[in-house]
Amino acid sequence: MSETNTIQSGNKMGIQPVRKLILTMGIPMICSMVVQALYNIIDSYFVSQIPKIADQAMNALTLAFPIQMLMVAVGVGTGVGVNALISRFLGQKEFETVNKTTGNAIFLGICTYIVFFLFGIFGLNAYLRSQSSNALVLHLGTQYLSICVFLSFGVILSMVYEKLLQSTGKTLQTTVAQLAGALTNIFLDPVLIFGWFGLPVMGISGAAYATVIGQMVTLALNMFFDYFYNPEIKNGVRHLKPQKDIILHIYQIGIPAIILQALMSFMTYGVNIILAGISENYVTAYGVYYKIQQFAFFAGFGLNNALIPLIAYNYGKGDKQRVRDSIKYGTLDTVILLGICMIVMEIFANPLASIFALSPEIIAICVQAMKIIVTGFLFAGVNIALQGIFQALGKGMYSLIVSLIRMVLVDLPLAWLFVRFASDPSLTFWAFPIAELCGAIVAWLMYRSVKKEIGL
């Protein structure tokens, strides 16, 4: 038996029980995504401890957050396209195509970094000024975001290498890499922000440097695991040469996924502008809530990321029963996971918001936002699961449609209407669970159509 056949015959995604696979692959990926959420929480916690300017510094982080999300979105979206393609090609035993796809994925990651570097030079100031006129907030936001953008190669390329590992089921390794990066960030945040161990006090710039150094650690470990512990994929330099057909295949899946992820960034940016019509405190409070919410949503995305290669592999292999089982158990588990998160955040809303050393008014608004928005988490679980299923089955445009509904077409107009006409500004937060409900209805109707189309 050849080396490639030996590798293929032992691929766990085609032979192990589906429910077991979802758990064994999903739990490490959930942990990995939750660790990602730690980055922003950790930065926010220590920044909220900066004397005298805590509220303004937290507001600056809120304004910077959409761009940070956008960088992750492009990296994840490209990785999703690569993940689904590699898993499918492995199922079809097209090993040379797998290797070419890998090289082109790394090339696209490098190009993405260059684009964000140029944004840092030419677009950063205009972006921040579109959300605030507070001079101190703008100064702090520029300090923080410029560092994150100019050194963004760590977060962008780590996403690409992470998806290469995930496409072959190496989820434990990605979790180790993410955890190492997060621990580095945790250690460096107070050291650099407050000038421990004789180092200069760097303030909000220290938070940015801690973040990018943590991302670089994650990248280094993902590269190490991929090159030395991922035999299904060959990473020769010769595969870095861009190939038009491969790039088009990556982005047939990847562009909808990028847009899907980027819509989160666009939504947050839009909400920042809308809530600024109420007060700066509402902007800061929503930013704090959103970072807490990430633990729930990123956990859902982690389970979703386990589903994509599992479904794609068995779909490429032609095993429809395993595809059906993956869809059934994956959707159920995602809804249960988001339901647990909903209960926890509803009960512990005040303690969670009070972690940050902010004014009582900001904390109170954050608690209001949390208690209202989490009512839509069950619908969000349906949306997250079905969007991943669409991506795995090559229906990335359906994922995009669902995202447009739940993140742009429903919530932003509703939020604007509530701000403009509602007597109680906190009613604005009801726009988000309503949008999740609308998205879930449309997603289910489209899934029924896809199911009939491919004969599941």
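All of the numbers you see were taken from the coordinates with simple rules; none came from a lab. The shown structure was predicted, so the numbers you read here are calculated from the model rather than taken from an experiment. Neighbour counts are summed over all protein chains in view; Cβ atoms, including those assigned to glycine, are modelled from backbone coordinates with ideal geometry.
For the chain, the longest principal axis of the C-alpha atoms and the axis of helix 204-229 are separated by about 10°.
Rg(Cα) of segment 15-164 divided by 2.2 N^0.38 Å? Don't jump to the answer; show the numbers that get you there.
Working: Rg = 18.9 Å, N = 150, 2.2 N^0.38 = 14.8 Å.
Rg over 2.2 N^0.38 Å, computed on Cα atoms: 1.28.
A Cβ-based charge dipole, computed about the Cα centre of segment 238-373 with Lys and Arg at +1 and Asp and Glu at -1, lands at about 700 debye. Which of the listed residues, Asn134, Leu427, Gly381, is farthest toward the dipole's positive end in the chain, when Lys, Arg count +1 and Asp, Glu count -1 at the beta-carbon? Of the listed residues, the answer is Gly381. Take every Cα pair under 8 Å whose residues are at least 6 apart in sequence, average their separation, divide by the length of segment 16-454, and the relative contact order is 24 percent.
Using only Cα atoms, find the angle between the long axis of helix 95-122 and the longest principal axis of the chain, and express it within 0 to 90 degrees, rounded to the nearest 10. The answer is roughly 20 degrees.
Note: relative contact order over segment 167-296, using C-alpha pairs below 8 Å and six or more positions apart, is 18 percent.
Report, in cubic angstrom per residue, the convex hull volume of the C-alpha atoms of the chain.
Working: hull volume 59.6 nm³, N = 456.
Enclosed volume per residue, from the Cα hull, is 131 Å³.
Taking the charge dipole of the chain about its Cα centre, with +1 at Lys and Arg Cβ atoms and -1 at Asp and Glu Cβ atoms, the residue from Tyr251, Met345, Gln368 reaching farthest to the positive side is Tyr251.
With an a/c value of 1.5 or above and a/b larger than b/c for the gyration tensor axes a ≥ b ≥ c computed over the alpha-carbon atoms, segment 85-160 is described as prolate. In terms of the Cα gyration tensor, with a ≥ b ≥ c the square roots of its eigenvalues, is segment 84-223 rounded because a/c is under 1.5, prolate because a/b exceeds b/c, or oblate? Taking the square roots of the gyration eigenvalues as a ≥ b ≥ c, segment 84-223 is oblate. Net charge near Gly206: determine it from the other residues with C-beta under 13 Å of the C-beta of Gly206, scoring Lys and Arg +1 and Asp and Glu -1. Every neighbour counted, the sum reads -2. Of all lysines in the structure, the ones whose alpha carbon falls short of 20 Å from that of Lys371, not counting any fewer than 8 places away in one chain, are Lys291.
The HN-Hα couplings worked out from phi for segment 326-334 by the Karplus form 6.51 cos²θ - 1.76 cosθ + 1.60 (θ = phi - 60°) are 4, 5, 4, 6, x, 5, 4, 5, 5 Hz, whole numbers, x standing for Gly and Pro. Ordering Tyr289, Tyr209, Tyr161 from the fewest to the most neighbouring beta carbons within 10 Å gives Tyr209, Tyr289, Tyr161.
Rounded to the nearest 20 debye, the dipole magnitude of the chain is 1220 debye, with +1 charges on Lys and Arg beta carbons, -1 on Asp and Glu beta carbons, and the Cα centre as origin.
Pairs to check: Lys320/Lys451; Lys20/Lys328; Lys395/Lys452; Lys100/Lys395; Lys395/Lys451; Lys93/Lys320. Give those whose C-alpha atoms are more than 20 Å from each other in this structure.
Long pairs (Cα-Cα over 20 Å): Lys100/Lys395.
Toward the positive end of the charge dipole of the chain, with +1 on the Cβ of Lys and Arg and -1 on the Cβ of Asp and Glu, the farthest Cα among Ser152, Ala54, Trp196 is that of Ser152. Computed over the alpha-carbon atoms, segment 30-114 gives an Rg to Rh ratio of 1.18, Rh here being the Kirkwood radius from the mean inverse distance.
To the nearest 10 degrees, how steep is helix 18-47 against the longest Cα principal axis of the chain, on a 0 to 90 scale? Approximately 30 degrees, to the nearest 10.
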